[in-house]
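Below is one structure, written out as structure tokens; comments come after it.
The values are calculated or read from the model by the stated rules, or taken from the named source; none is laboratory data. Note that this is a predicted model, so its numbers are computed, not measured. Here the Cβ positions follow ideal geometry from the backbone for every residue, glycine too, while neighbour counts run over all protein chains shown.
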Amino acid sequence: MIKVTIRTSKNRGFTIPVPYFVLHLGTNIICTNMVWKRIIRRTNNSYDNHSTTLTPIHKQLIKPLLKQVIKEAQNYRGETIVELRQSGKEEITIRL
């Protein structure tokens, strides 16, 4: 489970737990045909001024990669991925 901890300058903090099944669900949603068509359309529209069009990596390559990243992340429980601190006691921490 990934835990996102946010603390504000008023000493208020809360934690958002993100289970791994949500990450798997997100991977399946990202690799659907509807989302993939929108990704290709957006990347081609943003590069209209250039003579070459970029096509993203094929979705059949991305899905196994994302699944493997999630599987490997489960082996590193307790590791801090991101830790941001601002001068006003505001901080964001993401841990596995």
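Within region 76-96, residues that are among the aliphatic types (A, V, I, L, M) sit with their Cβ atoms under 6 Å from residues that are loosely packed, with under 12 Cβ neighbours inside 10 Å, at 6+ positions apart or across chains, in these pairs: ILE92/LEU84; ILE94/VAL82; LEU96/TYR76; LEU96/ARG77; LEU96/GLU79.
Just wondering, is there one or more residues in region 19-30 that are in contact with a Ser or Thr (Cβ under 8 Å, 6 or more places away or on another chain) and surrounded by 10 or more Cβ atoms within 10 Å (Cβ to Cβ)?
no
Okay, residues lined up against (1) part of a helix (DSSP H, G or I); (2) among the hydroxyl-bearing types (Ser, Thr, Tyr); (3) at pLDDT below 80:
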{"residue": "ILE16", "(1), (2), (3)": "no, no, no"}
{"residue": "HIS24", "(1), (2), (3)": "yes, no, no"}
{"residue": "THR27", "(1), (2), (3)": "yes, yes, no"}
{"residue": "TRP36", "(1), (2), (3)": "yes, no, yes"}
{"residue": "ILE40", "(1), (2), (3)": "yes, no, yes"}
{"residue": "HIS50", "(1), (2), (3)": "no, no, yes"}
{"residue": "THR55", "(1), (2), (3)": "no, yes, yes"}
{"residue": "GLN60", "(1), (2), (3)": "yes, no, yes"}
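Taking the conditions (1) assigned to a loop (DSSP other than H, G, I, E, B); (2) surrounded by 11 or more Cβ atoms within 10 Å (Cβ to Cβ); (3) polar (S, T, N, Q) in turn, ASN11 satisfies each one other than (2).
In region 56-96, which residue that is basic (Lys, Arg) and under 15 Å from the mean Cα position of the chain (by Cα) is farthest from THR15 (Cα to Cα)?
Filtering region 56-96 down to residues basic (Lys, Arg) leaves 59, 63, 67, 71, 77, 85, 89, 95.
The next check asks that each one be under 15 Å from the mean Cα position of the chain (by Cα); those that pass are 63, 67, 71, 95.
Numbers: LYS63: 28, LYS67: 25, LYS71: 23, ARG95: 11 Å.
Filtering first and then ranking leaves LYS63.
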